[in-house]
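One structure is given below, encoded as structure tokens.
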Amino acid sequence: MSEKKVAVIGWPVEHSLSPVMHNAAFAALGMTDWFYDKIPLMPDIVKLGLRELRDHGFIGVNVTIPHKQAVMPHCKPDATARAIGAVNTIDFRTNVGTNTDVIGLMDDLAAHDIQVNGQTVIVLGAGGAARAAVYGLSKAGAQVIVVNRTADKAQQMIESVGVAADVLSADEAFATGARIVINCTPVGMHPKVDASPLEIVPAGVTLYDMIYRPAKTRLMEQVEAAGGRAVSGLGMLVRQGAAAFHLWAGVYPPVDVMLQAAQQALNERKENA
């Protein structure tokens, strides 16, 4: 029985939760011939690294920072990856690159019963995560407002993604009556846990914060203190991984097993910190 290998590539990559959650899913399904590894890949050898992995029998890879754009010339990006301008999953059998961040976010919003169709949704940030959010939310029928420190950057991002969205200040955005917020900025992420991308949060907001370390960000605390609801981004990480799993293996993984494995790994790191 030949081993079927997949991996995550990035620089650095040692803190990735992907091996833990994928290997837990393989074990739960009895897929003992599958193994998920993490491979640090220096930025100047991305092309060579992809070729080496392909030549050594890897079925595919997840791609994390800083390689999501760098791999694009070396695979065939699909429509989603082209719109977002980033690839996070490659299947070496077809050399197609896709971006599962969109499905990860939208699936986790649905899992938490956060309905976006016909709703006005505020997206904080204009980086890669925001691109995925704006694309996914627009396709799902949401009216999107982007709030970013630099309005010009937000406008350029919207135009390059190719969807309709508005760029407003935070005050202007909340004045529209929007009560769903997606935080796509790294503000508040470990280790700078005391920071928040918003100074004031209106009452009754539903927040989806893509950050999952810490489990409860300063922004999440602000929202809950104002009587709102806050959801962390760990489920998005797991569900984007589940979409990659299905692409490679042809079966749907047990998301609950992946989520539990990721949560346990985070808890252990917290204890050892």
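The values are calculated or read from the model by the stated rules, or taken from the named source; none is laboratory data. Being a predicted model, the structure only gives us computed values, none of them experimental. We place every Cβ from the backbone using ideal geometry, glycine too, and count neighbours over all the protein chains shown. These area figures cover heavy atoms from the full protein model, side chains too; ligands, DNA and RNA do not enter into them. Shrake-Rupley method; radii C 1.70, N 1.55, O 1.52, S 1.80 Å.
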Inspect region 113-123 for any residue being in contact with a Cys (Cβ under 8 Å, 6 or more places away or on another chain) and under 15 Å from Asn183 (Cβ atoms) and give the result as yes or no. yes
Residue ID - nearest to Val63 (Cα to Cα), chosen from residues in region 15-30 that are in contact with a helix residue (DSSP H, G or I) (Cβ under 9 Å, 6 or more places away or on another chain) and surrounded by fewer than 16 Cβ atoms within 10 Å (Cβ to Cβ): His15
Of all the residues that make up region 138-186, how many are more than 22 Å from Ile200 (Cα to Cα) and touching a Leu at 6+ places or on another chain (Cβ under 8 Å)? 0
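Listed here are the residues, each with its yes/no results for (1) of a type in the set (Ser, Thr, Tyr); (2) at pLDDT 95 or above; (3) within 29 Å of His15 (Cβ to Cβ).
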| residue | (1), (2), (3) |
| --- | --- |
| Phe174 | no, yes, no |
| Arg179 | no, yes, no |
| Val187 | no, yes, yes |
| Pro191 | no, no, yes |
| Gly204 | no, yes, no |
Tell me whether region 120-141 contains one or more residues that are out of contact with any helix residue (DSSP H, G or I) (no Cβ under 8 Å at 6 or more places or on another chain), open to solvent by 60 Å² or more (accessible area, probe 1.4 Å) and not in a helix (DSSP H, G or I). no
Regarding Ser2, is this residue farther than 17 Å from Val251 by Cβ and either open to solvent by less than 80 Å² (accessible area, probe 1.4 Å) or in contact with a strand residue (DSSP E or B) (Cβ under 6 Å, 6 or more places away or on another chain) (or both)? no
Identify, from the list Arg93, Arg82, the residue that is under 22 Å from Leu50 (Cβ atoms), free of Cβ contacts under 8 Å to residues at least 40 places away in the same chain, in a helix (DSSP H, G or I) and not small (Gly, Ala, Ser). Arg82
Considering region 206-225, residues that are of a type in the set (A, V, I, L, M) and in contact with a Lys or Arg (Cβ under 9 Å, 6 or more places away or on another chain), and then whichever is nearest to Arg269 (Cα to Cα), we arrive at Ala215
Do we have any residue at all in region 85-93 that's open to solvent by 30 Å² or more (accessible area, probe 1.4 Å) and hydroxyl-bearing (Ser, Thr, Tyr)? no
Name the helices (runs of 4 or more DSSP H) wholly within region 160-258 that hold at least 2 residues that are touching a residue at least 40 places away in the same chain (Cβ under 8 Å) and open to solvent by 30 Å² or more (accessible area, probe 1.4 Å)? 234-249
Test: residue in region 146-167 that is closer than 23 Å to His15 by Cβ and of a type outside the set (Val, Ile, Thr): no
Could you grab me the full set of residues in region 44-62 that are part of a helix (DSSP H, G or I) and open to solvent by 40 Å² or more (accessible area, probe 1.4 Å)? Asp44, Ile45, Lys47, Leu48, Arg51, Glu52, Arg54, Asp55
From Asp113, Asp152, grab the single residue that is more than 24 Å from Leu53 (Cβ to Cβ), part of a helix (DSSP H, G or I) and open to solvent by 50 Å² or more (accessible area, probe 1.4 Å). Asp152
